[in-house]
Each structure stands twice: as C-alpha cells, then as structure tokens.
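One structure below.
The values are calculated or read from the model by the stated rules, or taken from the named source; none is laboratory data. Bear in mind the structure is a predicted one, so any value in this text is a computation, not a measurement. Here the Cβ positions follow ideal geometry from the backbone for every residue, glycine too, while neighbour counts run over all protein chains shown. Keep in mind that these areas ignore ligands, DNA and RNA; they rest on the heavy atoms of the full protein, side chains included. Shrake-Rupley method; radii C 1.70, N 1.55, O 1.52, S 1.80 Å.
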Amino acid sequence: MDGLDNTAEEQKAYEVGVIACWSCKGPVLQVTAFCETCGAVQPPGYANHFLRLGLEPAFDIDIDWLDQHYFNIQRNLHPDRFATSSDQEKSLSQQQATTINDAYETLKEPLKRADYLVDLLSADLLPEGCNLVNDQALLEETMELREALEECETLEQLNVLSTHTQNEIKGCIEKLSKLFKDNDIEGACRLKTRLKYLKKLTEETRIQRMKII
C-alpha cells in the first residue's frame, strides 16, 4: 500500500481538519509537518499514526514506502536545517520529529502495528481484554514451548525451536492480515496476544543461546 490517493486525501482532511498556518495564516492539514504555502514547520496536531505518515489505517502496509517517507520527513526536520531559525521553529521541529518517530516505530513492527490498529478500530473492545490469556489452547501451547526451551541444552536444539517459533510468527502475521481485511477485530485481538507470546519466546531463546555459547 502506498500513500493516500486523492479520495483518501479528502477523507484525511475531513478527519483531522484544516487549520491556519501560524506563520502565513494559509490553510494546512493538522498533521502536515510543513505549510505548503510558506514552508514553515507546523505543530504536530492530533491524528492517528497512519494519517500522520500518509497511510490509510490498515495492517498491510508498504514498509519500503514507509521507510522512505519517514526518512524524507526526518531529513527535512534535521536540527541543522533550523540552526538559524527562531526558538519557536526549533521547538516545533523537535516536536514534529518526536511525533513522527513515535508513529514510525509503532507502524514498522507487525506486533506494535496490530496492537495499535486494534485499539484504533475497536472502540467497544476493552484494551486490557486483548492481553488476558483466557484461551486454553494458547495457555497449553505457551507452557509446552516454555518447557521445550528449558530442555534445550545444545545450539542444535535451540535452532529447531527457533525455526518453529519463527514459522509460527510468520503464520500469525499472515492470519492477522486476513483478519483485519475481514474486519474481524476481535479475532485479530486474540491472535495478536498469541503473537506477543511467540515474540517473547524468541527473545528468551536468544538469551538462552547466549548462555550456551
């Protein structure tokens, strides 16, 4: 998925609103980093991470496009560009850089993106409900994988477990893509909990590998 098309741009303007540039008073979207009229850096404003980075809210995003878009924005917000600017512009550029970075760090990683998207799309689902482990199958799987990790004594055993975990993570991400496309937010909420445990197991496997080495 690339950036917003014309129709999405109109929807974006509707959702986040248009304000006056603090410098030239020209119209700017609340999430626009720079005024298109005078080029002045703008305050961050309120918007979700997707709109802030020019994307439609969706689990499937073009990571290469996201990377390029993010680095282009951050390059334009580099402190060197504001070395001779007013204190206000320096402050606004730092605020923009921080806000853009938070959005990028959330959207580039599948688990964080799924977490954020569930919260964004599910006003009636309790956020804490997504983190409660009440799925018996998930509980049993988690216990079995932990036991398998504890029993690993060689790098070969760890590699087998690591390969299995990575395959399960890949499968989770593919299923999450379908669930979000089908607007099954409750199903995505449950599945991202499993993905969270698999990611945690990956980190524990890495720590165990260092101990064996």
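At-a-glance table
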| quantity | calculated |
| --- | --- |
| Of residues in segment 89-114 being touching a residue at least 60 places away in the same chain (Cβ under 8 Å) and aliphatic (A, V, I, L, M), the one surrounded by the most Cβ atoms within 10 Å (Cβ to Cβ) | Ala114 |
| Selected residue (criterion: most open to solvent (accessible area, probe 1.4 Å)) from residues of segment 37-64 that are under 19 Å from Gln88 (Cβ atoms) and free of Cβ contacts under 8 Å to residues at least 24 places away in the same chain | Thr37 |
| Matching residues, segment 65-86, being open to solvent by 40 Å² or more (accessible area, probe 1.4 Å) and in a loop (DSSP other than H, G, I, E, B) | His78, Ala83, Thr84, Ser86 |
| Glu168 being closer than 21 Å to Glu140 by Cβ, of a type outside the set (Gly, Ala, Ser) and modelled with pLDDT of 95 or more | yes |
| Meets criteria (at pLDDT 95 or above and within 28 Å of Ser122 (Cβ to Cβ)) for Ile173 | yes |
| Residue match in segment 31-39 (condition: of a type in the set (Val, Ile, Thr), in a strand (DSSP E or B) and over 12 Å from the mean Cα position of the chain (by Cα)) | no |
| Residues being open to solvent by 20 Å² or more (accessible area, probe 1.4 Å) and under 19 Å from the mean Cα position of the chain (by Cα) - total across segment 185-202 | 8 |
| Criterion: at pLDDT below 95, small (Gly, Ala, Ser) and within 25 Å of the chain's Cα centre (by Cα) - qualifying residue of Ala103, Ala123 | Ala123 |
| From the options Ile173, Ile212, Ile207, residue that is open to solvent by 20 Å² or more (accessible area, probe 1.4 Å), touching a Leu at 6+ places or on another chain (Cβ under 9 Å) and more than 20 Å from Ala137 (Cβ to Cβ) | Ile212 |
